[in-house]
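Once you've had a glance at the structure underneath, I'll fire off some questions.
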Amino acid sequence: MTRRNYKKPHRAKKVKPLVAKASFWRAVFGVSAASGLVWLVCFSPALEVKEIKITGTEKVSGQDCVKVIEDEISKKIAMFDSKSILLFNLDQAKNDILARYPQIQNIKIERQFPSKIYASVEERRGIAVFNAGGKSYLVDDGGIGFQEIDSPPDLLAISDSREAEVVMGGQVVSKEVLSGIL
């Protein structure tokens, strides 16, 4: 006698609903976590810059430097404004300030978490006066002309007979020539 199998050979499996699957909940959790992290980094009021402090300015207005930093802080992300300290580009702000204000020799910008930015400015000191094209310019110890002046102070005067164009923040006298004269 042979044994008979009375089971259906092609039994239909019961389909689980989507919300009962573990992979669905993992995906929901992953998307929620990623969205929360983006919100925290970009739009959280706890990480928003609230104070900018500038020290060491005499010739350049501190408010001018603050304005440049504020312009770099303000970002527009998908139609929303963000002032996150984490998205603030320190190097770009430093380069913008140095390019805009040749009187500044160096600037050090630091983040102070959670909501403060400190900047320390080192301004150039004039050690000589460079005369070219009927105009006078202050020159620092590196030979860089950084400020046009009307009445030259009692400093070493260097004249140029050529009618060369002087670029603010650019090299007007080589450092070797200037150190040789001094």
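Ranked from the most accessible area to the least, with a 1.4 Å probe and all protein chains present, what is the order of Lys175, Lys83?
On the way: Lys175 120, Lys83 100 Å².
I get Lys175, Lys83, largest accessible area first.
Shifting gears a bit: Taking the Cα-to-Cβ direction at Phe80 and at Val177 and moving 7 Å from each Cα, how far apart do the two end points lie in nm?
Here the modelled spin labels are 5.7 nm apart.
Still on this structure, I have one more. Count the DSSP beta bridges whose two residues both fall in region 119-161, then state the antiparallel fraction as a percent rounded to the nearest 5.
Antiparallel bridges: around 65 percent, rounded to the nearest 5.
Give the distance, in whole Å, between the Cα centre of region 88-103 and the Cα centre of region 108-182.
With region 88-103 and region 108-182 each reduced to a Cα centre, they are spaced 17 Å.
Tally up the carbon and sulfur contribution to the accessible surface of the chain as a whole percent, 1.4 Å probe, everything protein left in place.
Roughly 53 percent, rounded to a whole number.
If you don't mind, there's one more thing I want to ask. What does the accessible area per residue of the chain come to in Å², with a 1.4 Å probe and no ligands, DNA or RNA counted?
71 Å²
Mind giving me the nanometre distance, one decimal, between the label points for Ser120 and Asp150, set 7 Å out from Cα along Cα→Cβ?
Taking the two extended label points, one gets 3.6 nm.
Shifting gears a bit: Magnitude of the Cβ-charge dipole of region 1-129, K/R +1 and D/E -1, about the Cα centre, nearest 20 debye?
About 2320 debye.
Where does the charge balance sit around Tyr118 when Lys and Arg score +1, Asp and Glu -1, over other residues with C-beta under 11 Å from its C-beta?
Working: positive: Lys53, Lys108, Arg111, Lys116; negative: Glu51, Glu110.
After counting each charged neighbour, the total is +2.
Can you show me the helix-derived [θ] at 222 nm for the chain, built from DSSP H runs with n ≥ 4 at -39,500 (n - 2.57) apiece and divided by the number of residues, rounded to the nearest 500.
Mean residue ellipticity at 222 nm (helix-derived): -9000 deg cm²/dmol.
Looking at the chain only, what percent of DSSP beta bridges run antiparallel? Nearest 5 please.
Details: 22 of 32 bridges.
Among the beta bridges of the chain, antiparallel pairing accounts for roughly 70 percent.
Could I ask something else about it? Can you tell which of Leu182, Ala128, Pro45 lies farthest toward the positive end of the dipole of the chain, using +1 and -1 charges on the Cβ of basic and acidic side chains (Lys, Arg; Asp, Glu)?
Highest projection toward the positive end goes to Pro45.
Something else now. When the gyration tensor of the chain is built from Cα positions, what are the square roots of 5 times its three eigenvalues, in whole Å, from largest to smallest?
Gyration-tensor ellipsoid for the chain: 68, 19, 12 Å.
Can you give me the span-like helices of the chain, meaning DSSP H runs with 20 Å or more of Cα extent along the axis and Kyte-Doolittle mean at or above 1.0?
Details: long enough: 22-43 (31 Å, 1.50).
Those that clear 20 Å and a mean of 1.0 are 22-43.
Could you state the number of Å between the C-alpha centres of region 55-77 and region 15-54?
Answer, in whole Å: 32.
The values are calculated or read from the model by the stated rules, or taken from the named source; none is laboratory data. Just so it is clear, the model here is predicted, and its values are computed rather than measured. Backbone-built Cβ (ideal geometry, glycine too); neighbour counts: all protein chains shown. Side chains are part of the model used for accessible areas, which takes the heavy atoms of the whole protein and leaves out ligands, DNA and RNA. Shrake-Rupley method; radii C 1.70, N 1.55, O 1.52, S 1.80 Å.
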